[in-house]
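Enquirer: Sending over a structure as C-alpha cells; questions will come in a sec.
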Amino acid sequence: MGLLDEQHSKTLLNSRDAIEKVVVHPLVLLSVVDHFNRMAKVGNQKRVVGVLLGSIRNKVLDIANSFAVPFDEDEKDQSVWFLDHDYLELMASMFKKVNAKERIIGWYHTGPKLHSNDIRINELIRRFNTNSVLVIIDAKPKALGLPTEAYIAVEEVHDDGTPTSKTFEHIPSEIGAEEAEEVGVEHLLRDIRNMTVGTLSQQVTNQLNSLKGLHAHLQDIFLYLEQVISGKLPPNHTIMYQLQDIFNLLPNLNVGNFIKSATVKTNDQMVVIYLASVIRSVIALHNLINNKLQNKEQEKEKEETKGKSKKDTDVKSSNDKIKSKKT
C-alpha cells in the first residue's frame, strides 16, 4: 500500500461518527467459513484472521469482500502472536488491481468473542486504515441470529486522570446483499430450506431470538453494574446516563388500566391458541376417520377382485376337464 492509499483510507473513515452501520455481504461470510473449515482440517487453531475490503457510503460501511491472512498465536500467552503483514500487503495490491474501489476497511476473526490481543492486532491493521473496523464472525453459531459483531477502536478517557487507553466500541451490523448475491444465496439454501415452515413459525422464531438477545443484554448490564459496585471497573458516566434513560422509558406496571389491558390481550391470545388447538384436533380426527374408511374400501375391493379371479380360475379349470373327457 502506498502513501496515496493510506491518505485515502484516512479520509475514508475519519471518525467514529462517520459510521452508523456495518453491512456484511454473504460472500464475506462464505469466505470466512471456508477459511475456518480449511484451517480446522490442518490444525487445532481456534480462530482465523483475515482482512475486510469494501467502501463507505452515506455513513454505512459496506463490506463486500475479504481474504485470509496467515495468523498464529500462543493459546497460553495471547500477547505472543504472528500476522504475516507482507502477505497482507501483497494480497491487498492484487485485489486493488481487480477492483480499485474496494479498500482495506478492517479485519475479521472468528472469535467468537473479543480477545485480549485484538487491540494490538488492530494497531497493525491501522497501518492501512487509521480507523479500521473489527468484525467478529462466529463460524459455529450455537443459537439463531446474526453471526456478526462489529467494533471500532476508540480512546477511553478515565475519570481518575490516568492516561487514555484503547478499547472497542460496538457498531450495529446487519447482513446485506446485492441482487446477484441474493440469487446465489437462494440457490444455496434451496436444498436445505424447510418448506413446511410457515409465517407464524417465523414470527415466533423471531420473537424468541429477540427475547434471547434482550436477556443477553440484561445479563451484560447486570455483570457490568456488579463489577462497578465491587470496584473492579471504574464508573462510566455515559453508560450510566444511557441506563437511566432506559429506566425512564420503562412503562409503569402499577397502573390498573395497564394491568387490565395486558390481561385482556393475554386472554384473547390464549383463546385463539385454544381454538386453533381444538380445530387442529378435529381436523386430525376427521382425516383419521377418512383414512380408515378409505383403507376399508380398498381392502373390500381387493377381496372382491381376489374372489372374482378365483371364480374365473375355477370356471376355466372345469371347462378344461370337460374338454379332456370328450377327447
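Enquirer: List residues of the range 238-262, by number, whose backbone nitrogen lies under 14 Å from a label position 7 Å along Cα→C-beta of Q269.
Expert: Under cut-off, by backbone N: 261-262.
Enquirer: Near E156, within a Cβ-to-Cβ distance under 10 Å, what is the net charge of the other residues, with Lys and Arg +1 and Asp and Glu -1?
Expert: -1
Enquirer: Rounded to the nearest 0.05, what FRET efficiency is calculated for D245 and N287 with R0 set to 41 Å and r the Cβ-Cβ distance?
Expert: Approximately 0.15, to the nearest 0.05.
Enquirer: In what order do I136, I105, I171 fall by count of nearby beta-carbon atoms within 10 Å, going from fewest to most?
Expert: The fewest-first ordering by Cβ neighbours comes to I171, I136, I105.
Enquirer: Of (1) 25.1, 84; (2) 32.8, 128; (3) 19.6, 58, which is the value of Rg and Dmax of the Cα atoms in Å derived from the coordinates here?
Expert: The calculated read-out lines up with (2).
Enquirer: Going by how many other beta carbons lie within 10 Å of each one, how would you line up S165, S66, fewest first?
Expert: Least to most surrounded, the residues fall as S165, S66.
Enquirer: Using just the helices of the chain, give the 222 nm mean residue ellipticity in deg cm²/dmol: DSSP H runs with n ≥ 4 each add -39,500 (n - 2.57), and the total is spread over all residues, rounded to 500.
Expert: Per the formula, -19000 deg cm²/dmol.
Enquirer: Further question: If you line up the long axis of helix 179-189 against the longest principal axis of the chain, both from Cα atoms, how many degrees apart are they, to the nearest 10?
Expert: That helix lies at roughly 50 degrees to the long axis.
Enquirer: Suppose R0 equals 30 Å; then what is the FRET efficiency for I279 and K212 from their Cβ-Cβ distance, rounded to the nearest 0.05?
Expert: Efficiency, rounded to the nearest 0.05: 0.50.
Enquirer: Also: Roughly what % of DSSP beta bridges within the chain run antiparallel, to the nearest 5?
Expert: Percent antiparallel among DSSP bridges in the chain is about 75.
Enquirer: Specify whether the C-alpha gyration tensor of the range 199-250 places it in the rounded, prolate or oblate class, a ≥ b ≥ c being the square roots of the eigenvalues: rounded for a/c under 1.5, otherwise prolate if a/b is larger than b/c and oblate if not.
Expert: Note, shape of the range 199-250 comes out prolate.
Enquirer: Please tell me which of these pairs span more than 20 angstrom C-alpha to C-alpha: K76/K113; K46/K140; K21/K96; K41/K96; K113/K212; K46/K113?
Expert: Violating the 20 Å Cα-Cα cut-off are K21/K96; K41/K96.
Enquirer: Sum up the charges of everything whose Cβ sits under 13 Å from the Cβ of V228, counting Lys and Arg as +1 and Asp and Glu as -1, but leave V228 out.
Expert: Summing Lys/Arg as +1 and Asp/Glu as -1 gives -2.
Enquirer: Would you list L124, L285 from fewest to most Cβ contacts within 10 Å?
Expert: Listed from fewest to most nearby Cβ atoms, that is L285, L124.
Enquirer: Okay, moving on. Run the numbers on the range 7-193 and let me know its relative contact order in percent, using alpha-carbon pairs under 8 Å that are six or more apart.
Expert: 24
Enquirer: Quick one: grab the alpha carbon gyration tensor of the range 255-306, order the square roots of its eigenvalues as a ≥ b ≥ c, and give me rounded if a/c is under 1.5, else prolate or oblate depending on whether a/b is larger than b/c.
Expert: It comes out prolate by the Cα gyration axes.
Enquirer: For a distance above 18 Å, tell me the whole-number percent of Cα pairs in the range 19-141 that qualify.
Expert: Across the range 19-141, Cα pairs with separations above 18 Å total 51 percent.
Enquirer: So for the range 7-193: antiparallel DSSP bridges make up what percent, rounded to the nearest 5?
Expert: Around 75 percent antiparallel, to the nearest 5.
Enquirer: Let me ask something additional. Using amide H atoms built 1.01 Å from N in the peptide plane, name the residues 5+ places from D84, or on other chains, whose amide H lies under 5 Å from its own.
Expert: For D84, no residues qualify.
Enquirer: Moving on to the next point. Starting from the 7 Å offset along Cα-to-Cβ, what nm value, one decimal, do you get for the label separation of L225 and E182?
Expert: It is 4.2 nm.
Enquirer: With contacts defined as alpha carbon pairs under 8 Å and 6 or more residues apart, what's the relative contact order of the chain in percent?
Expert: Taking the mean separation of contacting Cα pairs over the length of the chain, I get 14 percent.
Enquirer: Taking the Cα centre of the range 93-154 as the origin, how large is its charge dipole in debye, to the nearest 20, when only Lys and Arg (+1) and Asp and Glu (-1) carry charge on their Cβ atoms?
Expert: About 240 debye.
FYI, it's all coordinate maths here, none of it is from the lab. Owing to the predicted nature of the structure, the values given are computational and were not obtained by experimental measurement. Neighbour counts are summed over all protein chains in view; Cβ atoms, including those assigned to glycine, are modelled from backbone coordinates with ideal geometry.
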